[in-house]
Structure formats: C-alpha cells, structure tokens
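Below: one structure, written as structure tokens.
The values are calculated or read from the model by the stated rules, or taken from the named source; none is laboratory data. As the structure is a prediction and not an experimental result, all values here were calculated from the model. Methodologically, a virtual Cβ is constructed for each residue, glycine included, from the backbone with ideal geometry; neighbour enumeration extends over all protein chains shown.
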Amino acid sequence: MSGLTGEAASSVIWSMTEKWVLRITGLVTMAILARFLLPEDFGQVAIALSMVALVQTLADAGFSTYLQQSEEAGRRTTSTAFWFTAGAGAVLTGMLIAAAPLAAAVLSAPDISPVIRAMAPAALLVALGAVPVALLRRQLRFRALAVQTAVAGGAGQLIAIVLAIGGTGVWALVAQTLVVQFLSTLLAWTAARWLPGRTFSRQQLGQMLRFGVKVIGVEFVSLGRLWAEQALIISVLGTAGLGFYTIAQRLVMIAQDLTTSALVPVSVTVFARVRGSMTRLRSGYLRAQTISHVLVVPVMLVLAVGSPWAIPLVFGGQWEPSILPAQILGVAALFTLGALDHGLFYSLGEPGRWLVLAVVVEAGTLLSTALTAPFGLTAVAWGYLAVAVLTTMARWVMVGRQLQAPWWTVATPLARCALPAAVAGGTAHLVSRWTADLHDAVALTCIGLCILVVYVPLARWLLPDTWEEARGLLAERLRTAGSEVRTGRRSRAS
C-alpha cells in the first residue's frame, strides 16, 4: 500500500490512536472527578466552554480549514492567516473577559462569571496554535498530532484530579482546560517547525475570508444553538439538569471520538487531493462512510444498551438521571455521521451549501429542545433523535448531488449496517434482562461481549469488502509502525 491511500491509512490509524488514548484516560479522569465534583460544576464549565469555543471559531475565521484544502499554502498565505487569527484571538478574548458578567446575568447564573473569565485565555491559546495545527494536518502528520494531544491531555487530566481531590471544585476543570490548550499549542509549534514571516497580504486575506466566513458560519450556528439550548435547559431544569445532560452527551462524544472522529480531520485533506476525479472522490467517500458506520455501530450499541450499568459504574449512582438520555443519544449518534459530509463540502470549496443545511438543522434542534424541555431531559433526547433522523435524509440528497449519485447510493453505508446493528442490539437487550441482578461491571462486560459475538460475524458476512479493507489498513499500519521502531533503534545504535 503506497501513495495517498497509504498516507491516508496511516493518518487515520494515528488519529484513532490519539482519540483512544485521550478519551480512555479522559473517561477514567471523568469517573474520578464525578465523585468529587457536583453536577453544577460540570454545568458551569459546559457554559464557559461553549463561549470559549465561540471565540475560538470567530478568531480562526475558517482559515485552518482553508489551509487544509487549498492548492497553495505558501509563506505569505500562512503568515497572513497567523497574524489575523492571533490578533483576532487577543481582541476577542479580551471582549469575552469583559462580557462575562453580562453573560452570567443573561443566564441568571452569577457563579459562572469568574469561571468564564478564567477560561477565556484558552481561546487565545487555540488561536495562536491554529496555523501550525492546520499545516500538520495538511501534511498528514497525524502521528505528531497524536503524540502532542496525548501528552497535553494526560498532563491536564492529572492536574484536574489532584486539584479535585484537594477540594478546589469547579477550578479543577478550569485548570485542566488551560493546561491542555497551553501544551497543545506549544507542542504544535515545536512539531510544525514553522515561523510566520512579516508579510501580510490583503489579497490573500480577502480570499481566505470569502471561504472562511461560510465555515465559521456553520460553527457559529452550531455554537449559537448550543448556547441557546443550554439557556433553555437551565431556565427549565436548572444548572444541575444541564450537568446531567452534559454527562449523557459527553459519553456519546467519547464514543464518537473512539470511532469515526479519527476520519474527520483526515477527510478534508484527502478529499481535496482527489477532487479532480469524481469517480475517485465518490468511491473514497462511500468507503470512508462505510468504515465509519462499521466502527461506530458496536460502540453506540454498547452505550444504548449498557448505559444503566455503565453510568453508575463510571460516575456513581448520583448520575442516574443521565442514563435514559444517554441511551437515546447513543441511538441518535448512528444517524449523525455528518462530519465526513462537511469535510466533503469543504474540500470541494463549497462551505456555503453546508451552511444552509446547518442553519436548518440547528434551528430544528433548538425548536425541538424548546418544545420538549418542560417534559424533562428524556424528552429533549427523544427530540434530538427525531431531528437526527430527518437531518440524515436531507444530507443524503445534498451529498448525492455533489457526488453525482442518487440519494440511495449515499444511504448505502448506513443501510448495509442496519441488519447487523438490529440483530446485535436486540440480542444484547435480551441479555441485559438476564444480567440485571449482576454487578455493574459484570453485566456491562456480558452486554459488550454479546454485541461483539453477534455483530462481528454478521458484519464480516454482509460487508466482506469493508471488513477486509479495514483489516488490511490496520495490518499495514502495524507493519509500518514496526519498521519505524526498528529504524529508530538502528539510528540510536549508530
């Protein structure tokens, strides 16, 4: 395996390794923190993070995505991108610090003002590291990204645990965020070996802004919906209610990071390189989507069936209100594999089309939350599932037009995984009834094994080409990793 396919395979494996290391250690950290912190602490940090993410998005201006997919990313372009994002990051971070009391007043949560101010510098740190990270992704150097993320994440988690045990409360989560962002930025600069020049091109800036404004439009709409959704939940169910819902969402995010999210940062670069051939682009997209579904189905099935045992085991019995929402969101995640879709639109230079869909989807999600929040978190999760199903159908049509294929061709990856998912999920549900009286760890293990025993043979039988491709990519990456280790040993010996 060589050329772009080999580079892409290696990048996906390294990206997936990064996600597994970070999320598994993060899950352990969260399990510890959940026993020392209150639901209100997680709710406050969720609010602050959404505001920090908004500042990060505005400061980046979509330039990172532009650098990944652009045919040209010379020194003048990268320097212009850096000086703009650095300046915008500094100004917007200052504005966030000044606006913290106003945000607290609007949300009727005065305790979050100092939390927002303390976490605001994380936005500037991300802005300073945006160009080096984009260059590493453009070069498919996901091994370097994996190492730096693991180091930064591990350090942040360790500090959070120490502070939480020491009784610092919400400040343990604040410190974790700042440490992770500082180390991530520092290590990205070190790995990229890039320094900005003194040049600044208005022409390049205008070109990047025309592309980037549509990218940040998508992010802005998503963050705006998240912020409004949090305000709705707080107004009806309180900060504790938001904390319970955050834990349910976090479990789904972890599961996604362990599976399909590894493909997302690679897809923009790879799709951009093959966009000149519609046949290659269409084939690559369908293969990537099929592998995504094959990977995500068993993980989400474990979450959907096993949450009644997983959440008390990991976080403690006080988080029981998060169980049913987590199960429903786990099912919804099977329909929300649109990250590769937005990578496709960005790589084709058409972020505006994706922006239109994002506006409709986020508006529908927010409307659903407003209508269902008075009935509790479970109702909110059901509403999210309904929006996810409708959104998936709309995505099939839009992507089909871009790939010059009928919508049912785009729907094939999900359809091919439907039968193995249904059989494995149904069998696991029956097993869960028999294990109801067992210890949480034993019951969860039985459910997980049941899903694997049923799902894997069915997937191999119904999706032999995808299964063999995934196995081949993994075997190739393991051989390459072994060769790299042996080469490194010989270099050190000499």
It is to be established whether one or more residues within the stretch 358-369 are aliphatic (A, V, I, L, M) and touching a Cys at 6+ places or on another chain (Cβ under 6 Å). no
For the stretch 348-363, enumerate the residues that are in a helix (DSSP H, G or I), surrounded by fewer than 23 Cβ atoms within 10 Å (Cβ to Cβ) and either of a type in the set (S, T, N, Q) or in contact (Cβ under 8 Å) with a residue 40 or more places away in the chain (or both). G352, R353, L355, L357, A358, V359, E362, A363
I'd like to know if the stretch 63-73 contains one or more residues that are surrounded by fewer than 18 Cβ atoms within 10 Å (Cβ to Cβ) and in a helix (DSSP H, G or I). no
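This table checks each residue for (1) within 22 Å of the chain's Cα centre (by Cα); (2) modelled with pLDDT of 90 or more; (3) under 28 Å from W194 (Cβ atoms).
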{"position": "G94", "(1), (2), (3)": "no, yes, yes"}
{"position": "A103", "(1), (2), (3)": "no, no, no"}
{"position": "V106", "(1), (2), (3)": "no, no, no"}
{"position": "A123", "(1), (2), (3)": "yes, no, yes"}
{"position": "A127", "(1), (2), (3)": "yes, no, yes"}
{"position": "Q139", "(1), (2), (3)": "yes, no, yes"}
{"position": "G154", "(1), (2), (3)": "yes, no, yes"}
Closer than 30 Å to R275 by Cβ, small (G, A, S), free of Cβ contacts under 8 Å to residues at least 60 places away in the same chain and out of contact with any strand residue (DSSP E or B) (no Cβ under 7 Å at 6 or more places or on another chain) - does that describe any residue in the stretch 402-410? no
Any residue at all in the stretch 336-351 that is over 17 Å from the mean Cα position of the chain (by Cα) and of a type in the set (V, I, T)? no
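Here is a yes/no grid of residues against (1) out of contact with any strand residue (DSSP E or B) (no Cβ under 8 Å at 6 or more places or on another chain); (2) modelled with pLDDT under 75; (3) more than 30 Å from R210 (Cα to Cα); (4) not small (G, A, S):
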| site | (1), (2), (3), (4) |
| --- | --- |
| I13 | yes, yes, yes, yes |
| I24 | yes, yes, yes, yes |
| I32 | yes, no, yes, yes |
| G43 | yes, no, yes, no |
| T57 | yes, no, no, yes |
| L67 | yes, no, no, yes |
| A81 | yes, no, no, no |
Single residue of A381, A415, A386 found to be among the aliphatic types (A, V, I, L, M), crowded, with 19+ Cβ neighbours inside 10 Å and either closer than 28 Å to Q249 by Cβ or in contact (Cβ under 8 Å) with a residue 40 or more places away in the chain (or both): A381
V268 vs. criteria modelled with pLDDT under 80, among the aliphatic types (A, V, I, L, M) and either assigned to a helix (DSSP H, G or I) or touching a Phe, Trp or Tyr at 6+ places or on another chain (Cβ under 8 Å) (or both): yes
Could you check the stretch 165-218 and list, in sequence order, the residues that are among the basic types (K, R), out of contact with any Gly (no Cβ under 8 Å at 6 or more places or on another chain) and in contact (Cβ under 8 Å) with a residue 24 or more places away in the chain? R198
